[in-house]
2 protein chains.
Amino acid sequence: MVPLETNGPKSQDPRNAAAIDAPRRADARRNRERVLAAAEVVFAESGVKAPVEEVARRAGVGVGTVCRNFPTKQALVEAVVGAMYETLLHEAEDALADPDPARAFERFVVALPDFQARHRALADQMASVNMPAPAASPRDKLLRAVSALVARAQAAGAIRADIGPGDVSMLFSGVAHATAVAGERQPVLRERFVRIILDGLRAEGATTLPGRPLDFAQLRRMRQQRVK
Amino acid sequence: MVPLETNGPKSQDPRNAAAIDAPRRADARRNRERVLAAAEVVFAESGVKAPVEEVARRAGVGVGTVCRNFPTKQALVEAVVGAMYETLLHEAEDALADPDPARAFERFVVALPDFQARHRALADQMASVNMPAPAASPRDKLLRAVSALVARAQAAGAIRADIGPGDVSMLFSGVAHATAVAGERQPVLRERFVRIILDGLRAEGATTLPGRPLDFAQLRRMRQQRVK
DNA sequence: TCGGAAGTGGAATACCGATTCCGGATCCCT
DNA sequence: AGGGATCCGGAATCGGTATTCCACTTCCGA
């Protein structure tokens, strides 16, 4: 590999993932997008175990094209997950735009399990990521946005003070997983659970929680401990 | 059971699964137990995707022995799950033995996610079963016990009336799944979430829940709808 | 418009794990 | 103890999917 060129245009950049992300030819770039979009759909409806060939078919390209863009299936999955962070980030930013902290928080915790239930398999992938988020990456921005939503809601007295953003994230992801099993066509069920948990998050002092409020950094550390 | 008799042993009984469960030779029966035990451990730590060969190795037998006892990997998984129902049933019955309905309920909802977090992959399997439980099977007994725990707690005014056993089961399974990802070595985390949800379940009237209380029959029906 | 670099489809290959098969070992009854 | 039914181990088989490879097509700059 390293397709030798007459005079090193880029060969000295060891981590030019960007170059791989954006192939030279227009049709190639287009195909890459198609594959990514197809993969998101396929993985959502059949889980990550869906054959690569299915993704290729759905994208209208050959398997070779898929594998050239994403050298490994794992790489494909990660790319799709990366795209999902951006979607969730929008969700969070939309919520943050609401001037009422309580409503903003509520809006996000309704949207989160909703989104995750529609992407069960990929949400599981997201949950097992345990690398620190590169600064200013979509994931990093998302974590900050969620932290802000929680902090703002707490400052406004809308939710109890003894929880952290990590707690919130896990609680509602749990809802997503539980309801996805029963069928994503049951938004009512999801809403019931979100309401119940919201009631629990509001119940200041009803119970003294063991442990400390959980933030994302701690959450990540806990995942790493897990030998896996 | 059905210890062989001298003539006409059993060959005409089409559904003598029991006979398969209890092979004639003592060493065979012993091996079967070993495989079951090994499978439980292996699946718990590596998920159901763990190779059959790994189970065999852990059990100290050849793959052939595993496959003879459980003609299919799926059959092996189901056998292990079946055993788990019995364990959970004990948990539920122990809880029911507590004369205080509130304490009994609480005790079970702490034990449930705890147990499921230690058997994540198998818990997922359990969640996707959508056949009616045969009357008096461990699973059937478990569902009844849980329903009783919920009903009793409601009658005592310990938890809100607008929820059903299906709601409870899904909520706490969600906790199990969420915390299992972060590492089953974090019982404190699990307890935090259980407390929060318990607060939410206590908050009578705090929020009017959409939909109706969910019982197990409805839950099963919802799973079936899901084309899969 | 042309030439060749860049990209493509999909058959061939590599791999991995479930299931089958059978010569040999083990048990259990007499 | 003897002998046959039963069971065992694990190599061979089979199936299914990820990945590689290359003859052929498409794009794009000159």
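Observations on the structure shown:
- Checking B:Leu189 against (1) in a helix (DSSP H, G or I); (2) within 8 Å of chain A (Cβ to nearest Cβ); (3) surrounded by fewer than 22 Cβ atoms within 10 Å (Cβ to Cβ), the condition it does not meet: (3)
- Residue list for the stretch A:21-62, filter: more than 12 Å from DNA strand D (Cβ to nearest atom) and over 23 Å from the mean Cα position of the chain (by Cα): A:Gly60
- Number of the exception - A:Ala56 against (1) small (Gly, Ala, Ser); (2) touching a helix residue (DSSP H, G or I) at 6+ places or on another chain (Cβ under 9 Å); (3) closer than 21 Å to A:Arg220 by Cβ: (3)
- Checking each residue in the stretch A:55-68 for being more than 7 Å from DNA strand C (Cβ to nearest atom) and either in a loop (DSSP other than H, G, I, E, B) or buried (at least 16 other Cβ atoms within 10 Å of the Cβ) (or both) picks out A:Val55, A:Ala56, A:Arg58, A:Ala59, A:Val66.
- Listed conditions (1) surrounded by fewer than 17 Cβ atoms within 10 Å (Cβ to Cβ); (2) of a type outside the set (A, V, I, L, M); (3) under 25 Å from A:Leu142 (Cβ atoms); (4) at pLDDT 95 or above are all met by A:Gln224, apart from (4).
- Checked against (1) within 14 Å of chain A (Cβ to nearest Cβ); (2) modelled with pLDDT of 95 or more; (3) surrounded by fewer than 19 Cβ atoms within 10 Å (Cβ to Cβ), B:Ala156 passes all but condition (1).
- Checklist (1) assigned to a helix (DSSP H, G or I); (2) more than 7 Å from chain B (Cβ to nearest Cβ); (3) at pLDDT below 95 applied to A:Val168, failing item: (3)
- In the stretch A:211-227, the residues that are closer than 20 Å to B:His177 by Cβ, touching a helix residue (DSSP H, G or I) at 6+ places or on another chain (Cβ under 9 Å) and not in a helix (DSSP H, G or I): A:Gly211, A:Leu214, A:Arg226
- Consider the stretch A:74-127 and keep the residues that are within 16 Å of DNA strand C (Cβ to nearest atom) and touching a residue at least 24 places away in the same chain (Cβ under 8 Å). The one that is farthest from the chain's Cα centre (by Cα) is A:Leu76.
- Among the residues making up the stretch A:192-218, those that are facing chain B (nearest Cβ under 7 Å), aliphatic (A, V, I, L, M) and surrounded by fewer than 22 Cβ atoms within 10 Å (Cβ to Cβ) are A:Ala203, A:Ala206, A:Leu209.
- Listed by first and then second residue, the pairs linking a residue in the stretch A:27-39 that is more than 14 Å from every other protein chain (Cβ to nearest Cβ) to a residue that is outside any helix (DSSP H, G or I) and more than 7 Å from DNA strand C (Cβ to nearest atom), with Cβ atoms under 8 Å apart and 6 or more places separating them unless they lie on different chains, are A:Arg29/A:Ala22; A:Val35/A:Phe70.
- The stretch A:69-79 - residue that is surrounded by 17 or more Cβ atoms within 10 Å (Cβ to Cβ) and near DNA strand D (Cβ under 8 Å from one of its atoms) and, of those, farthest from A:Val35 (Cα to Cα): A:Lys73
- Some residue of the stretch A:173-184 being without any contact (Cβ under 8 Å) to a residue 12 or more places away in the chain, assigned to a loop (DSSP other than H, G, I, E, B) and more than 8 Å from chain B (Cβ to nearest Cβ): no
The values are calculated or read from the model by the stated rules, or taken from the named source; none is laboratory data. The structure presented is a predicted model; accordingly, all values stated were derived computationally and were not measured. Because the Cβ atoms are built from the backbone with ideal geometry, glycine has one as well, and the counts that use them run over all protein chains shown.
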